[in-house]
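Notes follow once the structure below has been shown.
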Amino acid sequence: MKNTILLFIFVIFISSILFADYAITRGPDVGEIYYIGETVTTEGIYHSTDFGENAICVDSINMVARICADRTTGSIYKIDHSTNMFYSDNYGQYGSWVFRTSEGSYRLASGRIEGEIFKGPGMSSNDYGYTFTQHSLNGCFCSFKAVEIDNQDSIGYILGNIYGVLDSLWLLISYDDYENLEIQHVFNDYIGTNRLTRGHENGELYLYRKHNFYGKKLLYSNDYGETWGLKNTFNCPNLPIKSIVGGRQLGEVYMLVEYVQLMHTIQHTYIYHSLDYGETFTVYNPFSFGPEPYFANFEAEPSTGTAPLTVQFTDMSSGINNQIWEWDFDGDGEIDSYEQNPEFTYQETGTYTVSLTIFWAGQSEMTAWQEIIVTNGSGIDNDELEIINYELNNYPNPFNTITTITFNLSTEYIENTEIEIYNIKGHLVDNIAISNQQSAVKWNAEDFKSGIYFYKLNLQTTPIKKMLLLK
């Protein structure tokens, strides 16, 4: 089964997953992946050569903690829950596994050449795991949360935190295969689950960040992790993204999504495949058991705008059997509507968390939510004024500290014209004067917190544009 999912997915699933961050790996050929997934009776290792549209269970072995494909055709490693490492040269087929070591690592990373494997950042092998070389890890001061190597020779990464320090996550980079490390980027927060994977090109990294309350984000870097941009947001607490991995093509990334419901009477595996850096996905369903899953989901149109803002909510949920919808439009915990597809008007500016709760199997409930952003528009009435584009834009977006805002103004508008910047609540927080002959200005957000900001020209006919600051 094949579907297409666009930017921002607002669904919620129930899942029971162990070692979820290490369940998918790319093979040496384009379109080739392996993943750990459910079978009708147990858990198995699957192999696909068509991007996950179809997959064959090559070995039904329970409690596999980690798999990692080699650059050699048909070669794959696995780690069990006792950290024993095994190797197969026959696509992981049952009976082909050979024991390598009892001191494996859940941070296994595939190499750049045939036979190369990293047992975490501390050790690597060039002979398919027969022998390992120790690395010094000079300059490493944090515990490992994710480990990955780059496509470029000798470059490796460690993502880690310091116990008790809850406001920082460090990305370290090594240029000599983990002999020495230095700080490449600091994230000003700590989220429990972080999955790092390399892309197709040198210096490309994807970072999947999961928080049970703040949702899940997919970040992307093309400069060896020095700067990051947001590619997708999954605004629900239990979307069962088990693992992600970069592909063998430009912009390619995979996500493994799996959920199990009603005591394993419902089991579905989905492969999300993207060729635009995770902004949109083609979705394949290579394994299904039982009826369609239960989940809450809705769309809001529009999700941003000026007050008064009328929003049409459309229920997109699945598996409802008692037709009960409970909507909370402003996040105050009170039920505002029981309609399936209600409409609501926001009279005041602000950011509102909308939630939809559905009931399934007659006893359980699921909730999905989305933010609605209402601004004041600085007095502009879009119904009365013709909006002129002015080619207003900014890059990069998302950005870290500094972004360039571009525009195209005729000479008559240059004098006394400014770029006005608003926070998510619609309050003016900064302005930048435009001088003669300018077509771009820089905004330095060093003193501002991460989040969504809006900008416009101080002209009555300007559009309002959105940008995202990620520090």
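The values are calculated or read from the model by the stated rules, or taken from the named source; none is laboratory data. Owing to the predicted nature of the structure, the values given are computational and were not obtained by experimental measurement. FYI the Cβ positions are ideal-geometry reconstructions off the backbone, even for glycines, and counts take in every protein chain you see.
Data table
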| item | result |
| --- | --- |
| Strands (runs of 3 or more DSSP E) contained in region 106-220 and holding at least 2 residues in the same structural domain as I244 (by TED's automatic domain parsing) and within 25 Å of D80 (Cα to Cα) | 108-110, 117-119, 123-125, 143-149, 156-161, 193-198, 205-211 |
| Among the residues listed as T49, T39, the single one being hydroxyl-bearing (S, T, Y) and at pLDDT below 95 | T39 |
| Unique match (being assigned by TED's automatic domain parsing to the domain that holds G156, in a loop (DSSP other than H, G, I, E, B) and buried (at least 16 other Cβ atoms within 10 Å of the Cβ)) among Y87, Y91 | Y91 |
| For S124: the one exception among (1) crowded, with 18+ Cβ neighbours inside 10 Å; (2) under 20 Å from N194 (Cα atoms) | (2) |
| Test: I113 is touching a residue at least 24 places away in the same chain (Cβ under 8 Å) and of a type in the set (V, I, T) | yes |
| The listed residue being touching a strand residue (DSSP E or B) at 6+ places or on another chain (Cβ under 9 Å), closer than 30 Å to L196 by Cβ and outside the structural domain of P398 (by TED's automatic domain parsing), out of V283, V311 | V283 |
| Any chance E226 is surrounded by 18 or more Cβ atoms within 10 Å (Cβ to Cβ) and of a type in the set (D, E) | no |
| Matching residues, region 244-287, being over 18 Å from the mean Cα position of the chain (by Cα) and at positive phi | L262, M263, H264 |
| Y206 surrounded by 20 or more Cβ atoms within 10 Å (Cβ to Cβ) and touching a Phe, Trp or Tyr at 6+ places or on another chain (Cβ under 7 Å) | yes |
| All positions within region 24-57 that are over 18 Å from I79 (Cβ atoms) and aromatic (F, W, Y) | F51 |
| Residue satisfying all of: in region 412-471; of a type in the set (D, E) and closer than 29 Å to T233 by Cα; modelled with the highest pLDDT among these | D430 |
| Residues located in region 256-283, provided they are in a strand (DSSP E or B) and either modelled with pLDDT under 85 or within 23 Å of E204 (Cβ to Cβ) (or both) | L256, V257, Y259, V260, Q261, I271, Y272, H273, S274, F281, T282, V283 |
| Any hit, region 98-110, residues being surrounded by fewer than 18 Cβ atoms within 10 Å (Cβ to Cβ), modelled with pLDDT of 95 or more and either out of contact with any helix residue (DSSP H, G or I) (no Cβ under 7 Å at 6 or more places or on another chain) or under 21 Å from G225 (Cβ atoms) (or both) | yes |
| Set E326, E292: member being assigned to a strand (DSSP E or B), among the acidic types (D, E) and out of contact with any helix residue (DSSP H, G or I) (no Cβ under 8 Å at 6 or more places or on another chain) | E326 |
| Residues located in region 137-177, provided they are hydroxyl-bearing (S, T, Y) and either in contact with a Phe, Trp or Tyr (Cβ under 8 Å, 6 or more places away or on another chain) or touching a residue at least 60 places away in the same chain (Cβ under 8 Å) (or both) | S143, S154, Y157, S168, S174 |
| Identity of the residue in region 305-324, more than 28 Å from the chain's Cα centre (by Cα) and not hydroxyl-bearing (S, T, Y), that ends up modelled with the lowest pLDDT | N322 |
| The one condition in (1) surrounded by 21 or more Cβ atoms within 10 Å (Cβ to Cβ); (2) in contact (Cβ under 8 Å) with a residue 60 or more places away in the chain that N188 fails to fulfil | (1) |
| Subset of region 46-78 (residues that are assigned to a strand (DSSP E or B), hydrophobic (A, V, I, L, M, F, W, C) and farther than 20 Å from K119 by Cα) | I56, C57, V58 |
| Odd one out for T227, checked against (1) within 23 Å of Y34 (Cα to Cα); (2) polar (S, T, N, Q); (3) part of a loop (DSSP other than H, G, I, E, B) | (1) |
| Subset of region 17-36 that is surrounded by 13 or more Cβ atoms within 10 Å (Cβ to Cβ) and modelled with pLDDT under 90 - its residue that is nearest to H268 (Cα to Cα) | I17 |
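Listed here are the residues, each with its yes/no results for (1) over 19 Å from E148 (Cβ atoms); (2) among the polar types (S, T, N, Q); (3) in contact with a helix residue (DSSP H, G or I) (Cβ under 8 Å, 6 or more places away or on another chain).
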{"position": "T227", "(1), (2), (3)": "no, yes, no"}
{"position": "S243", "(1), (2), (3)": "no, yes, yes"}
{"position": "Q249", "(1), (2), (3)": "no, yes, no"}
{"position": "Y254", "(1), (2), (3)": "no, no, no"}
{"position": "V260", "(1), (2), (3)": "yes, no, no"}
{"position": "Q267", "(1), (2), (3)": "yes, yes, no"}
{"position": "H273", "(1), (2), (3)": "yes, no, no"}
{"position": "Y277", "(1), (2), (3)": "no, no, no"}
